[in-house]
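Contents: one structure, followed by commentary.
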Amino acid sequence: MCGIVGAVAQRDVADILLEGLKRLEYRGYDSAGVAIVDGQGNMQRVRRLGKVSELAEALLAHPLSGGSGIAHTRWATHGVPSENNAHPHVSCGDLAIVHNGIIENHEVLRDELSRDGYKFTSETDTEVMAHLIHRELSKNEDLLSSVLAAVNQLEGAYGTVVMDRRDPSRLVAARSGSPLVVGLGIGENFLASDQLALLPVTRRFLFLEEGDVCEMTRTKVDIYDRSGTRVERRVIESDLDHDAGDKGQYRHYMLKEIHEQPSAVRNTLEDRLTDRRVIIESFGEKAADIFSKVKNVQIIACGTSYHAGMVARYWFESVAGVQCNVEIASEFRYRKSFVPDNSLFVTISQSGETADTLAALRLAKESGYMASLTLCNVPGSSLVRESDLAFMTRAGAEIGVASTKAFTTQLVSLLMLVAAIGRYNDLSEESEAKLVKSLRSLPSVIESALCLSDDIETMAEAFSDKHHSLFLGRGSQYPIAMEGALKLKEISYIHAEAYAAGELKHGPLALIDNSMPVVVVAPNNELLEKLKSNMEEVRARGGLLYVFADSDARLMQGNNVEVLTLNRVDDLIAPIVYTIPLQLLSYFVAIIKGTDVDQPRNLAKSVTVE
């Protein structure tokens, strides 16, 4: 969600801050702002409701100069989207603060600070933090000790950066539940909520751990834990693509990322397969020892990653012979669960900072799971650092809010995990070799599926005046139908639901009429004949069927039935392949609807609060 950028340098930092915010636009936001201390010690602040481009225009009209500054893109939680609620917030003209997260005890603190004479100009919990730190500064000798004192009074999640106009040579940052990264330069240093924001100025990073407080000057970075004890954090050299934020020839990031899937899958597979086997060490040095003992797998994820986990459940139980349970992270956190013996706890997250998933991992560590593994796209993220094993999906930077290549690379990674664990259970050497062959074929198979783009664009025209849609699948294609429905509702704002097709008669059939498109994923497998019966139920009631099938399915076009044919693929990888046309369908429907494809309303790319 919200984005943070900070800088302390000898040069003017306004352009650096603004470029950083542009690179964080994918996270979702409704307002943007910047604060800079000039050479005379004056606090300069500009905030705007709307896009970063609005802030950029304001800065052209009223340029800011200075070597210390902080900037922010806000996604409204406490307080409506408005200029008054936009960050940075200022206390008494001295302190400026930006903040990601939610302070749960803000109301109690607001009342207390009001009694102490502090005046509030916004509805936000962030302004409460600004005044709290200002009050502590009146008791403590420096900003660092004041921030340490203040954060120990906070309940909730925060990634925050504070600047004092009276000492602009330093910034102080604190992290609890919301990510922050330090970018190391030469005679200048930076802070951000995502390293992508800082790639134009550095490739050397320190990732703050949970509870860390950081004091940063141009030449020095000191990090302390919550108690004030000095700690060391490892410097990581990033190999992320500096130009990942460019659309290139594509109209939208989402379309670019859909078409990047063949290369993304190649990256996921690279150096991780032999001719016949998955290289278990790809999951970590301890992976072989851990996997040899696994008899149960618990997968935890949110949103699109949850759908990937649901597909993996079919694979684990049918291919590897290992029991698998999949649960939404926000539900897992708040119920008492049973932990079977020899259970591996698996988290899936594009960002590695998803708040509920991270909290679930921390809970699992106290609950008796044998070990933990994360599948993630961001090296150095919290899930990666806090898990026993980590497997990088290597999707590359994904800017579009609606996940595409992150999802397919998660599926590929999960299938490799199934093979690795299955080797110690029910998966024969011959079956693993067949699985590896299917994985190797995926990039070219996905390229073939992308060739259907023109036909899918034509199909999308039928959705232009629709307000509701139903997606159907069976077996491992049911979670793919769920993902298809999620994509359509995310970016086109058409209400879409997904059902296991066998459930039609148990309620959803009541919705079927000639204004309700029904999208069906129908590869030729052992459930096809059952699925055909479900489609007949829809057709008999005047429903509009849009079917994605393979050539062996022998499904014919007809009244109210449109069939788009894919090449026949191995059943094991079919869920990955059938994801592609559903992504394209959602994209083209959104284009027809005229919605904001890359930044759909009310949504954020990385959900770092509950």
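Worth a mention:
- Net charge dipole size for the chain [Lys, Arg +1 and Asp, Glu -1 on Cβ; Debye, nearest 20]: 160 debye
- Sorting the Cα pairs of the chain by distance into bins of 10 Å, from 0 upward, gives 3, 17, 25, 24, 17, 10, 3, 0 percent per bin.
- Centroid-to-centroid separation of segment 121-153 and segment 12-51 [C-alpha atoms, Å]: 21 Å
- Extension gain for Lys119 to Lys293 (0.36 nm times residue separation, less C-alpha to C-alpha distance): 56.7 nm.
- FRET efficiency for the Glu112 to Asp239 pair, using the beta carbon distance and R₀ = 41 Å, is estimated at 0.30.
- Nearest-0.05 FRET efficiency for Glu209 and Ser138, computed from C-beta distance (R0 30 Å): 0.55
- Selection of GluC sites (Glu not before Pro), segment 178-249, meeting DSSP coil and at most 10 other Cβ within 10 Å: Glu232
- Segment 69-133: trypsin sites (Lys or Arg not before Pro) falling in loop per DSSP and having at most 10 other Cβ within 10 Å: Lys119
- Spatially proximal lysines relative to Lys293 (Cα-Cα < 22 Å; intrachain offsets below 8 disregarded): Lys365
- Nearby lysines by direct alpha-carbon distance to Lys593 (threshold 28 angstrom, same-chain neighbours under 8 apart not counted): Lys22, Lys51, Lys247, Lys256, Lys405, Lys466, Lys487, Lys489, Lys605
- Euclidean distance of C-alpha centroids, segment 429-481 and segment 514-555, integer Å: 15 Å
- Radius of gyration over Kirkwood radius for segment 380-528, both on Cα atoms: the Rg/Rh ratio is 1.01.
- DSSP bridge orientation in the chain - percent antiparallel, rounded to nearest 5: 60 percent
- Highest average first, the peptides 381-393, 519-531 ordered by how many other beta carbon atoms sit within 10 Å of their residues are 381-393, 519-531.
- Annotation note: chymotrypsin sites (Phe, Trp or Tyr not before Pro) in segment 134-225 located in DSSP loop regions with a Cβ neighbour count of at most 15 within 10 Å are absent.
- Förster radius 41 Å - calculated FRET efficiency between Ala433 and Lys247, Cβ distance, rounded to 0.05: 0.55
Since every read-out is calculated from the coordinates, none of them should be taken as a lab result. It should be emphasised that the depicted structure is a prediction, and the values quoted were computed from it without experimental measurement. Positions of Cβ are backbone-derived with ideal geometry, glycine not excepted, and every protein chain shown enters the neighbour counts.
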